[in-house]
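Structure first, commentary second.
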Amino acid sequence: MSVPPTLSILWRGPLSGCNYACGYCPFAKRRDSRATLAADRAALERFEQWVAGRKRQVAILFTPWGEALIRRYYRETITRLSHWPQVETVAIQTNLSGAIDWLARCNNERVALWTTFHPGETDQARYVAKIHELAAMGIRHSVGVVALRNHFDAIERLRAELPSETYLWINAEEGLQGCYSDAEIERLAAVDPLFELNNRAYATAGRACAAGDTAISVRGDGEARRCHFIDIPIGNIYDADFEAKLRATPCSRPTCDCHIGYRHLDDLKMAGLFGDGLTERRATAPHRRDALARIADFERGLAGSL
């Protein structure tokens, strides 16, 4: 009997509170009620129990609207998950504002952090020191930042101060995606050789994508969708027949402009750039020509299908 491919899971519960006030985030400085936190914790515990019963390998990325690692129950859950053989990777998106000593209790072959630096919300030296500590602990991680024009200098300083082996990804700011000048693109690509991959929206309608087949997005109540950006349920993970509902189907959206969405497009072949760091967005030896070649191949495939 063939072994099924790893199931990639994006999980997001009710939590939406954050301790930062980033102007580009609608959830900045929101405080969750006790009821919301209790519901989120219960949902996370139920999901952990579901994972415990899996035989199939899973790669989990927690994508909370807010900052989750300031909550002990997330740290303890991730620690336990990292020791389970059916968990290939367990990662979480975080602003890295909390303590990181708890990671010493994790299996560092499976745990990973997708961290984001927010200039103006935290001291850069403190943030960089934590990244160096993660590297010394052998914790897989990536560092990211949003390319606001008034943050370009901070982005370049950040790159200079990070460990050389730490991948620094840059997201195009939502209102600027596709609108940066050639000079700005050159400046940003000098920091992140894969920046051009994010500085665009991909025409995806009818294109092959792993979402809904070997990748799903799961809400706190267990309801699953192809990805965060297609609001049509495909079933509930807590139903006994859920996995029978997973199948390869073309993308139904006209475009996709977010990494956690387009990373699953077959034609972009992102696994070749990210390898075992795909879950936490940790590229291995990225080259700008790789990004440009993938974009060109994708657009050629689109033209050939018209």
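Near Arg34: Cβ cut-off under 13 Å, other residues only, Lys/Arg at +1 and Asp/Glu at -1. The net charge is +1. Charged side chains reduced to their Cβ positions (Lys and Arg at +1, Asp and Glu at -1) give region 215-306 a dipole of some 360 debye around its Cα centre.
The mean accessible area for residues of region 43-170, using a 1.4 Å probe and ignoring ligands and nucleic acids, is 40 Å² per residue.
Considering only protein heavy atoms and a probe of 1.4 Å, how much of the accessible area of region 52-94 is carbon and sulfur, as a whole percent?
47
Each residue, Glu186 and Ala104, gets one label point 7 Å from its Cα in the Cβ direction; the gap between the two is 4.8 nm.
Once fully extended, how much extra length lies between Gln177 and Arg288, figured as 0.36 nm per residue of separation less the alpha-carbon to alpha-carbon distance?
Numbers: separation 111, 0.36 × 111 = 39.96 nm, distance 1.77 nm.
Length gained, Gln177 through Arg288: 38.2 nm.
Taking N as the residue count of region 1-151, its C-alpha radius of gyration divided by 2.2 N^0.38 Å amounts to 1.08. Here the gap between Ala240 and Ala208, fully extended at 0.36 nm per residue and compared with their Cα-Cα distance, gives a gain of 8.8 nm. If a/c stays under 1.5 just call it rounded; otherwise compare a/b with b/c (prolate if a/b is bigger, oblate if not). Do that for region 85-135, with a ≥ b ≥ c from the square roots of the Cα gyration tensor eigenvalues. It comes out prolate by the Cα gyration axes.
Taken as Cα centroids, region 209-271 and region 46-65 sit 15 Å apart, rounded to the nearest whole angstrom.
With R₀ fixed at 25 Å, the C-beta to C-beta distance from Ser2 to Glu223 puts the FRET efficiency at about 0.30. Using a Gaussian network model of the chain in which every pair of alpha carbons under 10 angstrom is joined by a spring, one finds that among Thr63, Thr166, Thr122 the greatest mean-square fluctuation is at Thr122.
A cut-off under 13 angstrom between Cβ atoms defines the neighbours of Val87, and their net charge, with Lys, Arg +1 and Asp, Glu -1, is +2.
Please work out how much length the chain gains when fully extended from Ala129 to Ile232, using 0.36 nm per residue of separation minus the C-alpha to C-alpha distance, in nm with one decimal.
On the way: separation 103, 0.36 × 103 = 37.08 nm, distance 4.21 nm.
Result for the pair: 32.9 nm of gain on full extension.
Near Arg149, once Lys and Arg are set to +1 and Asp and Glu to -1 for all other residues with Cβ below 14 Å from its Cβ, the sum equals -4.
The values are calculated or read from the model by the stated rules, or taken from the named source; none is laboratory data. Remember, it's a predicted structure, so these values are computed and weren't measured experimentally. All Cβ positions, even for glycine, are placed from backbone atoms using ideal geometry, and neighbour counts span all protein chains on display. Accessible surface is based on the protein model in full, side chains and every heavy atom, while ligands, DNA and RNA are left aside. Shrake-Rupley method; radii C 1.70, N 1.55, O 1.52, S 1.80 Å.
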